[in-house]
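Everything on this sheet refers to the single structure shown next.
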Amino acid sequence: MAKVLQKADAVVIGGGAVGTAAAYHLASRGKKVVLCEMRNIASGATGRCGGMVVHCYGRFLNIEKTDYRLLFTRANTEIMKEYQKTFEIDFEFRQVGCLDIAIDEKEFDDLKKLIEIQRRLGDEEIELLDKKDTLEIMPNLNPDMIYGSRLRCSDGNLNPFFLARAQALEAQKLGAGILTHTKVEEIIVKNDEVQGVKVPDGVIEAEHVINATNGWASLLTEEIEVIPVRELAMVTERLPELPPQPFEMLCYGDFAYGATQTLSGNYNLGGPGPARPPDYDYFDERIYADEVLRVMSYISGIFPSLNEVSIIRSWVGTMGFTPDGMPSIGPMPGIKGLFIVAGYAAGMSWAAVSGKIASDYICDGRTSFPIERMDPGRFFGKPKVKWPQPYDLTVCHDFLTQGA
Amino acid sequence: MRIKEHPILGKLPEANEVTLVVDGKKIKAYEGEMISAALIASGIYTFRYTSKKKEPRGVFCAIGRCTDCVMEVNGRPNVRTCVTPVEDNMVINTQKGLGVWHGGRG
Amino acid sequence: MSVNGSSLIDRTNGIITLEEIRKYNGYPSEERFSKGPVPIIECIEEIPCNPCETVCNRNLIKVGTPITNCPRLIDPDGECTGCAQCIIICPGLAVFIVDKTFSTREASISLPYEELPLPEEGESIIGIDRTGRAVCEGHIHKVLRNRKFSHTNVVTIVIPKHFADDVRHFQRRDK
Amino acid sequence: MARGKGLTMKTELAVIGAGPAGLCAAIEAAKNGVDVTLIDENRTAGGQLFKQIHRFFGSEEHLAGIRGFEIGDMLLEDAEKYGVKVLLDTVVWGLFPDLKLGLSDGKSVTIMEAQKIVVSTGASENSLSFTGWTLPNIMGAGAAQTMVNVQRVLPGEKVLIIGSGNVGLIVAFQLLQAGAEVVAVVEALPEVRGYQVHASKIVRMGIPILTNHTITRAEGDTRVRQAEIAQIDAQFKPLAGSETILDVDLICIAVGLRPLAELCWMAGMEFEYEPQLGGFVPLHDESMQSSIDGIWVAGDVAGIEEASSAMEEGRLAGVAAAVSLDKIERKLGGESMDQARLRLRALRLGPYGDNRQESKERIIQRYYAM
């Protein structure tokens, strides 16, 4: 029988923004928490994303759930504002507004249709901007490419490394154990009840286990359908902000493309990096020349000021996507004590609230948030979705909205 | 100051003179010199001030790696002066924090 | 245990002493000094280097293999002509030529000089020992400018014979 | 990040970094008929050679007794003679797994496809933090060496050197040659770290080497004006009352170098931590082949040593690449690689060389244990 290393009330698997949030909220409720991360804090998607806080992408895939999404992402922002009052580490969260750019007539028409639906669902904040207004906010965009945009002023960005480390540090202060370079090999389940987790040196016993491993989630819990998606992130040299307002944009058509300027002045660019034939390994974290060039050219086409700017770092990260574009948040049907918080396409806008929900559920057996529509078991019994190869967020979205 | 005569390297080779405008003041330099060398030869050691603490910074690695010597050159911030050669009528300004940038349209 | 360098020399201040040279590499006898100029190689560590061996056209310096052996002077009969090629080639500027037969009361010391301005012949100087201290007075006997062998000039100074085993540098009086 | 035109260039062997190792790799390969492209981000090739005005150690076959910059000129002549294509002012901003390189000359961005690659990107200097260490005119000793010997500008007249390794000792002498007064060399450990010949030379020229000493504070305004040094105990704690204030206007930090291995990390190479060789170094076999097939490493990027060893590792990698491109017959190539290995072994002997030799042997064992 493997050595019992320690006993805890709950074990969190995954050291990203979501996992560290769960550890913090559980610790602040007095629970004995142990977080296991196979590499280092923020080594997964958290450490390789653009750090953008987008309350609601508002694409056709989930447009009908706009109000539902805003319920969670707005709560997420409130929790982060609370963090800022007491947390030792400043994770540079600021709401600078985000422009969703349309680069042709058809895309601009889509935005008009989508905004009508969002208004109907009570979203007063979202604004439609024509070309002139868009260029007024961001005069350095390429006028030949801009047909208009959609603006949400409460969107913004943060430093994802600092968010994860901030939550981990506060959790540690409250007694949580943060075990990096500790790979969870298996969630131990006996007659449908969680006993703990198996790690290289032995076993950590716990009544509750939280799977916050995002793109890797189905490796530990096969039944849930979270598929890994490869994304590219690049960071430029630090530059002053260009008036009138800090820069943050998404591309409506290929919404996997986006760019934001961080508080410290670096531009953070993101773009799709579909896995490559023949083996289509979506966990391949190496970078390839053509995809770096593609992301660089696409974004500098829309924002030419970047032409003379140097890129100083580039990474590839693995995010998680689900067949309906909504995260899987909730207790795992059929396994008592296992809670799933995975499958985020906009992790920074969901991490804090997901951590709180997981903690509430484990402490009180319930949560005030209506998480039923994100039940991890919602895909049980349905045929596994056969994604076209290769795929990325845009291909997933287009594939799932063919009928829309 | 420039080493006019070196025991091993001999006399400083002849080079055309160029003029740099540094924070509005004209200084002389010679073609082929790096901006950092020309400035230090004219007694200028502080090239920028840091964003947060406004502390003076200058040359540190001299091989273009550490970016401690960056200045605004011809309207572009973050130019590594230790690996950028001088050109006639270059406009060079001490960089304050991240400097001033016109998004390539300056 | 010394991390580097032959583990026996005192490495606390970078100063090499005559005793250490005698002990680890040998120092010529007075009998050898009486025969004429003698190359003194103050290089007593096993470092990979042997140009002094290959440059001496009379094969008076032995390093052998491996090239980390300390260089030894094999010149009992005093065949050294004082050509100073060994002084010029040494990457560590550690070779000197001492000629105690220069005159009854004086000795000459040829040493590598790679600084500017070059001293003038006849100029009076102060003899400096291995610790950097001034120990005696003397004058510049000869200055061999050396553009051909890339600028390691050879300056020969003349000092009282008594200091010939200690003076290894000089300072110009007006400096 | 100029709009990626994505023009693609092709070459048989791309050598990244035209320092001593890169030049020698390019020359050895080109000598054997390989189509070589040598890339360097600087305006001139030669890397550290052109700031090294001292004569090199080693034996005749290592070009001992010749000054670094003269060796640089010789290698540039050979590179031209054997038809090496040299791309200067060109940054390699990416080394991609499928043997592709991302190049930029500041105006346009191109991708180069190479059949084989040698990474010889050299090293950068370690820094040391103490109060005031960010003041202007506190710089790496190698940086000061570059300013003096390449830029021909003397950054300061009264200099403090921190660190008594060969770089600290040689730069102290070269600053003296350039007309500066070197006030002292401080060394934190109880013993001088560099060659005794270098130490004795500067001591006799009036530069004291203070072991068990370090810098505790630097003062200044738009440049450094004063340094406070102090004696330290075995735990590197300053002894109260042992502080002395030195009036200096330049402080050179010579506390070691580390490999510039970002491109190796990016290509996905395996690394090993070897303090004697400067920190994390890429694993390689005895012909400098890295853990990525088709990519060799050579020179300081594969472990900090002097330029003479860098040149030998470059020759070794250059011949190995030529063999793998079937440009020389395996047996002949093997012989010339053995020669290079013998010359390398000769440089890695003695109290200074032994621990580097052990580290290199460990790296090769780890390579085969992958």
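So the values come out like this:
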item: Within segment D:1-89, strands (runs of 3 or more DSSP E) holding 2 or more residues that are of a type in the set (S, T, N, Q); result: D:7-16
item: Which numbered condition B:GLU55 fails, given (1) surrounded by 15 or more Cβ atoms within 10 Å (Cβ to Cβ); (2) within 8 Å of another protein chain (Cβ to nearest Cβ); result: (1)
item: Matching residues in segment B:2-29 - criterion: being at positive phi and within 18 Å of the chain's Cα centre (by Cα); result: B:ASP23, B:GLY24
item: Which numbered condition A:GLU225 fails, given (1) within 14 Å of another protein chain (Cβ to nearest Cβ); (2) surrounded by fewer than 24 Cβ atoms within 10 Å (Cβ to Cβ); result: (1)
item: From the options A:ARG59, A:ARG29, A:ARG39, residue that is within 19 Å of the chain's Cα centre (by Cα) and at pLDDT 95 or above; result: A:ARG39
item: Residue among A:LEU158, A:LEU99, A:LEU163, A:LEU61 that is over 23 Å from A:THR236 (Cα atoms) and surrounded by 15 or more Cβ atoms within 10 Å (Cβ to Cβ); result: A:LEU61
item: Residues of segment A:136-153 classified as assigned to a loop (DSSP other than H, G, I, E, B), touching a strand residue (DSSP E or B) at 6+ places or on another chain (Cβ under 9 Å) and surrounded by fewer than 18 Cβ atoms within 10 Å (Cβ to Cβ), total; result: 2
item: Number of the exception - C:CYS80 against (1) within 14 Å of chain D (Cβ to nearest Cβ); (2) over 16 Å from C:PHE163 (Cα atoms); (3) buried (at least 22 other Cβ atoms within 10 Å of the Cβ); (4) not aromatic (Phe, Trp, Tyr); result: (1)
item: Residue match in segment D:130-147 (condition: under 19 Å from the mean Cα position of the chain (by Cα), assigned to a strand (DSSP E or B), among the aliphatic types (A, V, I, L, M) and buried (at least 24 other Cβ atoms within 10 Å of the Cβ)); result: yes
item: Flag for D:GLN235 being within 14 Å of another protein chain (Cβ to nearest Cβ), of a type in the set (S, T, N, Q) and either without any contact (Cβ under 8 Å) to a residue 40 or more places away in the chain or buried (at least 19 other Cβ atoms within 10 Å of the Cβ) (or both); result: no
item: Where D:HIS62 falls short, out of the listed (1) surrounded by fewer than 20 Cβ atoms within 10 Å (Cβ to Cβ); (2) assigned by TED's automatic domain parsing to the domain that holds D:HIS284; result: (1)
item: Residue check for A:TYR257: more than 13 Å from chain D (Cβ to nearest Cβ) and either at pLDDT below 90 or in contact with a helix residue (DSSP H, G or I) (Cβ under 6 Å, 6 or more places away or on another chain) (or both); result: yes
item: Verdict on D:ARG345 being under 21 Å from D:PHE56 (Cβ atoms) and crowded, with 17+ Cβ neighbours inside 10 Å; result: no
item: Residue match in segment A:278-286 (condition: within 12 Å of another protein chain (Cβ to nearest Cβ), buried (at least 19 other Cβ atoms within 10 Å of the Cβ) and either in contact (Cβ under 8 Å) with a residue 12 or more places away in the chain or touching a Leu at 6+ places or on another chain (Cβ under 9 Å) (or both)); result: no
item: Hey, A:LEU70 free of Cβ contacts under 8 Å to residues at least 60 places away in the same chain and of a type in the set (A, V, I, L, M, F, W, C) or not; result: yes
item: When residues of segment A:199-219 are limited to those that are part of a strand (DSSP E or B) and not aliphatic (A, V, I, L, M), the one surrounded by the most Cβ atoms within 10 Å (Cβ to Cβ); result: A:ASN211
item: Residue tally, condition away from chain C (no Cβ under 14 Å) and surrounded by fewer than 18 Cβ atoms within 10 Å (Cβ to Cβ), over segment B:4-26; result: 11
item: Verdict on A:LEU242 being within 11 Å of another protein chain (Cβ to nearest Cβ) and either among the basic types (Lys, Arg) or outside any strand (DSSP E or B) (or both); result: yes
item: Tally, over segment D:157-179, of residues that are at the interface with chain B (Cβ under 10 Å from one of its Cβ atoms), in contact with a helix residue (DSSP H, G or I) (Cβ under 8 Å, 6 or more places away or on another chain) and either assigned to a loop (DSSP other than H, G, I, E, B) or under 11 Å from D:ILE251 (Cβ atoms) (or both); result: 1
item: Residues located in segment A:307-339, provided they are closer than 19 Å to A:THR73 by Cβ and not hydroxyl-bearing (Ser, Thr, Tyr); result: A:MET319, A:GLY320, A:PHE321, A:ASP324, A:GLY325, A:MET326, A:PRO327, A:ILE329, A:GLY330
item: Scope segment B:29-52; condition within 9 Å of chain D (Cβ to nearest Cβ) and either assigned to a strand (DSSP E or B) or farther than 17 Å from D:LEU250 by Cβ (or both); matching residues; result: B:GLY32, B:GLU33, B:MET34, B:ALA38, B:THR50
item: Of the criteria (1) aliphatic (A, V, I, L, M); (2) surrounded by fewer than 21 Cβ atoms within 10 Å (Cβ to Cβ); (3) more than 30 Å from C:ASN146 (Cβ to Cβ), which one B:MET1 fails; result: (3)
item: Close pairs (9 angstrom Cβ cut-off, 6 or more residues apart or separate chains): within 8 Å of chain A (Cβ to nearest Cβ) in segment D:91-111, outside any strand (DSSP E or B) and of a type in the set (Val, Ile, Thr) anywhere; result: D:TRP93/A:VAL292; D:GLY94/A:ILE287; D:GLY94/A:VAL292; D:PHE96/A:ILE287; D:PHE96/A:VAL292; D:PRO97/A:ILE287; D:PRO97/D:ILE292; D:GLY102/A:VAL292
item: Every pair of residues 6+ apart whose Cβ atoms lie under 7 Å, when the first sits in segment A:10-35 and is on the phi > 0 side of the Ramachandran plot while the second is β-branched (Val, Ile, Thr); result: A:GLY14/A:THR213
item: Lone unmet requirement of (1) farther than 27 Å from A:ARG286 by Cα; (2) surrounded by 20 or more Cβ atoms within 10 Å (Cβ to Cβ); (3) away from chain B (no Cβ under 14 Å) for D:LYS116; result: (1)
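A quick yes/no check of all residues on (1) farther than 19 Å from A:ALA42 by Cα; (2) buried (at least 24 other Cβ atoms within 10 Å of the Cβ); (3) modelled with pLDDT under 95; (4) not hydrophobic (A, V, I, L, M, F, W, C):
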| residue | (1), (2), (3), (4) |
| --- | --- |
| A:PRO323 | yes, no, yes, yes |
| A:SER328 | yes, yes, no, yes |
| A:MET332 | yes, no, no, no |
| A:ILE335 | yes, no, no, no |
| A:ALA342 | no, yes, no, no |
| A:ALA345 | no, yes, yes, no |
| A:TYR361 | yes, no, no, yes |
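A quick yes/no check of all residues on (1) at pLDDT 95 or above; (2) assigned to a helix (DSSP H, G or I); (3) on the phi > 0 side of the Ramachandran plot:
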| site | (1), (2), (3) |
| --- | --- |
| C:ILE44 | no, no, no |
| C:GLY64 | no, no, yes |
| C:ASN69 | no, no, no |
| C:GLU79 | no, no, no |
| C:CYS83 | no, no, no |
| C:LEU93 | yes, no, yes |
| C:THR101 | yes, no, no |
| C:SER108 | yes, no, no |
| C:GLY127 | yes, no, no |
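The values are calculated or read from the model by the stated rules, or taken from the named source; none is laboratory data. Here the structure is a predicted model, which means the values were calculated and not measured. Methodologically, a virtual Cβ is constructed for each residue, glycine included, from the backbone with ideal geometry; neighbour enumeration extends over all protein chains shown.
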